[in-house]
Amino acid sequence: MHSKLEKMTTNRTFTMLKPDAIENGHMGKIIDLIIQSGFTIKAMKYTQLTKEQAMKFYEVHSERPFYMELVDYMTSGPIVAAILEKENAVADFRTLIGSTDPADAADGTIRKSYAESKAKNAVHGSDSDENAQIEGEFHFNSSEII
Ligand code: CMP
């Protein structure tokens, strides 16, 4: 059990496909792109966040003006949460998803192809190994990680 959690610090990242991606029918295409880009799925869940969960997950942004907008949006419909594995997972996944604002995202990135706006930006990716572990453990217990 301990070793599974330990592995989350190495070569793993955490993602959520956000409500806009699901609502717009992009779930399958995005998951396929993630797999074709060399990521292995270690855990995956189709779920809807409660307000309490979203507030806690985005606590780091609680002082930002868009915090409650973000919480409302992230609870507005189903999401897919997943732990992904690949060498250099955090950095490579952030390259694959592109800039926060799809207007700035490079061609071929998930956000360029599928995001609606800076707020409705299709997908989340952890920004560090440490946050990947915290975020993964927020959504999954060790028995759910393969
Ligand atoms: P992400 O990087 O996954 O996590 C923080 C989220 O906050 C970010 O994606 C956006 O969805 C959201 N966000 C960032 N900036 C803004 C903004 N200016 N207005 C609304 N939402 C934002």
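Observations on the structure shown:
- Sum of side-chain charges, residue 73 neighbourhood, beta-carbon under 14 Å (Lys, Arg +1; Asp, Glu -1): 0
- Inter-label distance for residue 24 and residue 146, nm, one decimal - labels placed 7 Å from Cα along Cα-to-Cβ: 2.8 nm
- Extending 7 Å from Cα along the Cβ direction at residue 56 and again at residue 37 yields two label points whose distance is 2.8 nm.
- Calculated translational diffusion coefficient of the chain (4 °C, 1.567 mPa s; Stokes-Einstein with Kirkwood radius over alpha-carbon pairs) equals 85 µm²/s.
- Put simply, the convex hull of the Cα atoms in region 57-131 casts, on average, a shadow of 5.5 nm².
- Restricting the chymotrypsin sites (Phe, Trp or Tyr not before Pro) of region 55-146 to loop positions (DSSP other than H, G, I, E, B) with no more than 14 neighbouring Cβ atoms within 10 Å leaves 66.
- Length-normalised contact order of region 8-144 in % [C-alpha pairs under 8 Å, at least 6 apart]: 40 percent
- Residue order, fewest to most surrounding Cβ atoms within 10 angstrom, among 26, 61: 61, 26
- Value of [θ]222 nm, deg cm²/dmol, for the chain, DSSP H segments ≥ 4, -39500 (n - 2.57) each, nearest 500: -11000 deg cm²/dmol
Where a number appears in this text, it was derived from the coordinates with a stated rule and is not lab data. Only a predicted model underlies this, so the values are computations on that prediction, with no experimental measurement involved. Quick reminder, even Gly has a Cβ in these numbers, built from the backbone with ideal geometry, and neighbours come from all protein chains shown.
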